Structure formats: C-alpha cells, structure tokens
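The values are calculated or read from the model by the stated rules, or taken from the named source; none is laboratory data. Predicted model, so just to flag it, every value in this text is computed and none were measured. FYI the Cβ positions are ideal-geometry reconstructions off the backbone, even for glycines, and counts take in every protein chain you see. All accessible areas refer to the heavy atoms of the entire protein, side chains included, with ligands and DNA or RNA removed. Shrake-Rupley method; radii C 1.70, N 1.55, O 1.52, S 1.80 Å.
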Amino acid sequence: MISKKRQILSFLLTGILLIILFLTAINTGSLKVTPQELVKGLFIEYNENVATIFDLRFPRIIIAMLGGSAMAISGVLLQAVMKNPLADPGIIGISSGASLFAVIITAFAPSLYFFTPIFSFLGGMLAFALVYSLSWKNGLSPLRIILVGVAVNAMFTGFMNAFNAGTGSTLSGVAGIVNANITMKTWDDVKVLFFYTIVGLFASLFVIKRCDLLSLEDKTARSLGINVTNSRLAISVIAVMLASISTAIIGPISFLGLIVPHIARLLVGSKHRVLIPYNIILGAFTLLFADTIGRTIAPPYEINASIIMSVIGGPFFIFLLRRSKAGYNG
C-alpha cells in the first residue's frame, strides 16, 4: 500500500521535473535565451530570438507533452480492460491502424486535416476489433492478444511503409506520421491535438471507478451491479480514442503506454483515481524527455522520440514478459 505522503511527493517531484525539462527543451538547440529574455520577449516587448523559439520549439514541446499524456492514459485504460500488464496501444496494433488512416487522409484529403483524429480513431477501432476478434478462443488469453496484436501491428505498419515508399516519400505530412517525426509541427497541430486530447483525458476521469472494479473478478463486479461488458467497451473506446488522437499528429510511439503506467504504479499505487492523473504528468514528461534526448544526443542531427522509446521500451517489454506469471501463458 503506497502512502499518501509518497503519492503527494511523487506528484510534486514529477511536476517540478516537468517544468525544469520544459525550460531545458526551450533552450535545446543553437538558439538560446535567458529566462529573463524569454519572459520579456513573450509578455513585454518583441524579441526576434524569442519569437523564433515560440514558433519553432513551443509547438513541438507542447505536442510532445499532450501526446505523451494521451498515450500513457491509453495504456492505463487498456491494461485495466484486458487485465494485462503488457497491453500497450503500440504493441497491439492500435497505433499503426490509426496511423494508416491518418496517412490516407493526409495524402488524399488534406482539407480535412482538423478531422484527421476522427479518421485515425476509426483506424484504431478497426485494429482493436481485429485483435479482439482474432484473439478470441474460448475466452481471451493475454498472451494471445499480444501475439495477434504484434501481427496486426506488422500488417498495418507494412501498409504504411508501402504507401510512403510508393509516393517516393515526397508527401512530408505522410512521412512525418510514418516516421513519428514531430520536428516541423506548428501551432495548427497544437490546436488540433489540444482539442481532442482534452476531450479524451476528461472522458477518462469518468471511468476511474469502473477501471478499479474491472480489476476484480467478473462475477464479483457483476454482483456489485456493474455491467462488465459495457464498462469494458466504454473504457476501450476512450483508450483507442486517446491513442489515435496522439498518433494522428505525432505518429506511432511504441512502449510509452507500457512503460509509464508501470513506473506510475510503483510510485503512486494502482488506484486509478491517483494513477490516471499522475500518468497525465508522467506521460508528458516521458515523451518530452525522449524528444529532448533525441535532439541533444548527436547534434546537429536529431533522433526521433519514437526511436528513443523503442530502444528503451524493447528491453523493458522483455523484462516484463519474463516476470509475467504463469497465468499469462497461451
């Protein structure tokens, strides 16, 4: 049982680290300003360096934070629904399904840009439905879900890469989604992601109690008056929506929805009334940290945050898989 003092301390320290990381990310690159110059340039008088940072770095930083929060909460919700600690929107194919639909809309109907997250959501739901239906065999095995999810993920990723190669990688928006590149994001991207992410995060707060009840045996949950099937469906829709929203703008980020919830449980416990709000902060920190590391590790070149997360997440996933109990077999 995690003490309340430890929970408060975790929130406080993570919040402070996020602020420090935000200020560090602002000054990561060839152009640097002092905190005084930043505040003065933002609120008092025009400063060319501050204006450049505001237009180029701020959108990228905010998108990383919003996308990280969305993916982390999606992972928490999927793990609650599936009772599977290895569930992640990237691993089980939701992100790649959402990416494929986002790529198609970006390539063929760019005028519908603001609605890209909606089409991505349809792609994410298609992938989720495929994984669930193909995994069903006298019930749902957590390991079978993972294996089918990996196959579905590979299939949708193959379609995306084929489409990108077929266009000669000339469509920058398509390439950005396929490669999960957030380098050239603008304030228009921020507006789209902010609107849909806030809706999704707000919706997740309404299913906190249901997430806790789903951790019980189905018979116990039903005896408490809970419609288990409807609860799983509602939570799944929110989880897929959050993953799809993030993927539509950023591209597929694997393992973030796996790593962040596990770290959060160690720090604040498993009660979702604490776990979900904390994951919003920790998810924002994690993706922004990965993006900032990618910008500083080999200047002037950059390594995508998705690559950083894969390098970290792969060994982490293997570690969790080896630790899984016998009940997660076949």
Problem set entry | Complete set of residues in segment 267-288 that are assigned to a helix (DSSP H, G or I) and polar (S, T, N, Q) | Asn279, Thr286
For this session: Considering each of Leu233, Leu214, Leu282 in turn, give the residue that is under 30 Å from Met160 (Cα atoms) and modelled with pLDDT under 90.
Result: Leu233
Problem set entry | Cβ pairs under 7 Å, 6+ apart, first in segment 123-138 and over 17 Å from Val240 (Cα atoms) and surrounded by fewer than 20 Cβ atoms within 10 Å (Cβ to Cβ), second β-branched (Val, Ile, Thr) and modelled with pLDDT of 85 or more | Leu134/Val148
Exercise. Of the residues Ile2, Ile16, which single one is over 27 Å from Ala248 (Cβ atoms), free of Cβ contacts under 8 Å to residues at least 60 places away in the same chain and open to solvent by 30 Å² or more (accessible area, probe 1.4 Å)?
Worked result: Ile16
For this session: Look through segment 81-111, keep the residues that are open to solvent by less than 10 Å² (accessible area, probe 1.4 Å) and of a type in the set (A, V, I, L, M), and return whichever of them is modelled with the lowest pLDDT.
Result: Leu86
Problem set entry | Checking Ala64 against (1) surrounded by fewer than 19 Cβ atoms within 10 Å (Cβ to Cβ); (2) under 30 Å from Val237 (Cα atoms); (3) within 25 Å of the chain's Cα centre (by Cα), the condition it does not meet | (1)
